[in-house]
Amino acid sequence: MAIKAYRPTTPAQRQKTTQDFDQITTKKPLKSLLKAKKQNAGKNNQGRITVRHRGGGVKRHYRLLTHNLPKGLTLTVEEIEYDPNRSSRIARVKDQNDVYYYITADTNMKKGMKIKTGAEAPVEESNRLPLDMIPVGTVVYAIELTPGRGAQMVRSAGASAQLMAKEDGYATLRMPSGEVRKVLVSCEASIGTVSNLQHQNVKKGAAGRNRRKGIRPTVRGVVMNATDHPHGGGDGGRHGSGKAPRTPWGQLTLGYRTRHNKKTNKMIVRSRHEGKR
């Protein structure tokens with residue numbers, strides 16, 4: 001997999017790179033697994049902006065992915081497709097009953113290959129089975145947090161987690177962030193690494209690429225007026241000196257802890273921050 005560069009005909013072209021589309025086998029998605037996607041520009045049902053810097057962008061349809069595949073299926077990969085709603089590629093698969101699904105594609109998936117699901121599936125790349133049946137040291141993705149709920153962790157491009165140990169009904173996983181956490185061994189995972197490994201190395205090069213994604217410009221607080229941001233105001237000299245970094249609403253940020261899910265703290269063996277201290 002290589003990143004594509006452009007001839008430097010403009011300053012933006014000189015910087016710009018794009019992901020390769022070598023793994024993709026078709027440009028046309030399956031109509032029955034598409035859904036209309038409305039652009040809300042970051043506004044809630046009252047018309048208030050709840051997510052800033054959203055709006056515009058190209059129209060796109062949502063692909064209905066199945067993160068919770070039934071057990072005991074034998075799936076045939078029909079196509080590998082581009083999905084505008086996620087960083088990874090998706091695979092169009094058909095089971096033995098001629099039912100179609102979209103699933104997250106991994107680096108190993110190719111047109112025509114067979115994938116099996118359930119506890120009886122062999123320990124081979126792309127197969128989906130409970131962590132209890134996967135050997136220690138295996139690299140996995142699309143991991144369940146709760147048995148039967150479907151894949152919730154490790155789904156973005158190039159991501160993979162490593163199965164470190166199995167003990168007392170729990171599997172210990174090293175996550176892509178560096179966090180080490182436990183999940184029940186009855187949770188399912190797929191073997192392999194998520195596709196589109198080069199995603200993180202792509203350089204946008206031009207502001208227009210973000211606009212087409214529906215991302216609007218972000219303005220720094222220090223260049224605003226004092227009425228618009230806690231960092232704003234001043235005479236154009238040393239900006240924001242002596243102030244702790246804050247959000248536009250005055251809340252502390254940068255290093256301020258926002259995690260409040262104490263229920264799952266016992267599942268985290270090692271925080272993703274520990275190696276940085």
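The values are calculated or read from the model by the stated rules, or taken from the named source; none is laboratory data. Owing to the predicted nature of the structure, the values given are computational and were not obtained by experimental measurement. Here Cβ is always computed from backbone atoms with ideal geometry, including for glycine, and neighbour counts include all displayed protein chains.
Condition test on R209, is it part of a loop (DSSP other than H, G, I, E, B) and within 30 Å of S88 (Cβ to Cβ)? Taking the combined requirement at face value, the residue does not satisfy it. When each of R257, R272 is tested for being assigned to a loop (DSSP other than H, G, I, E, B), within 33 Å of the chain's Cα centre (by Cα) and in contact (Cβ under 8 Å) with a residue 24 or more places away in the chain, the lone residue that passes is R272.
Only one of the numbered conditions (1) of a type outside the set (K, R); (2) farther than 25 Å from A91 by Cα; (3) in a loop (DSSP other than H, G, I, E, B) is not met by V183, and that is (3).
Count of region 186-206 residues, restricted to those that are in a strand (DSSP E or B) and not assigned by TED's automatic domain parsing to the domain that holds P130, is 0. Can we say K166 is of a type outside the set (A, V, I, L, M, F, W, C), part of a strand (DSSP E or B), outside the structural domain of S271 (by TED's automatic domain parsing) and touching a Lys or Arg at 6+ places or on another chain (Cβ under 9 Å)? When the stated conditions are applied, K166 does not pass them.
Keeping to region 49-85, report how many residues are in a loop (DSSP other than H, G, I, E, B) and not basic (K, R). Qualifying residue count for the region: 20. V222 meets each of the listed conditions (1) surrounded by 12 or more Cβ atoms within 10 Å (Cβ to Cβ); (2) among the hydrophobic types (A, V, I, L, M, F, W, C); (3) part of a loop (DSSP other than H, G, I, E, B) apart from (3). When N210, N201, N196 are checked against the criterion of being farther than 18 Å from T138 by Cβ, surrounded by 18 or more Cβ atoms within 10 Å (Cβ to Cβ) and not aliphatic (A, V, I, L, M), a single residue qualifies: N196.
Screening Y256 against (1) within 30 Å of Y170 (Cβ to Cβ); (2) at pLDDT below 85 leaves a single unmet condition, (1). Consider region 235-244 and keep the residues that are of a type outside the set (D, E) and exposed (fewer than 14 other Cβ atoms within 10 Å of the Cβ). The one that is modelled with the highest pLDDT is A244.
Here K71 does not fit the description of being within 30 Å of G112 (Cβ to Cβ), loosely packed, with under 11 Cβ neighbours inside 10 Å, more than 22 Å from the chain's Cα centre (by Cα) and without any contact (Cβ under 8 Å) to a residue 60 or more places away in the chain.
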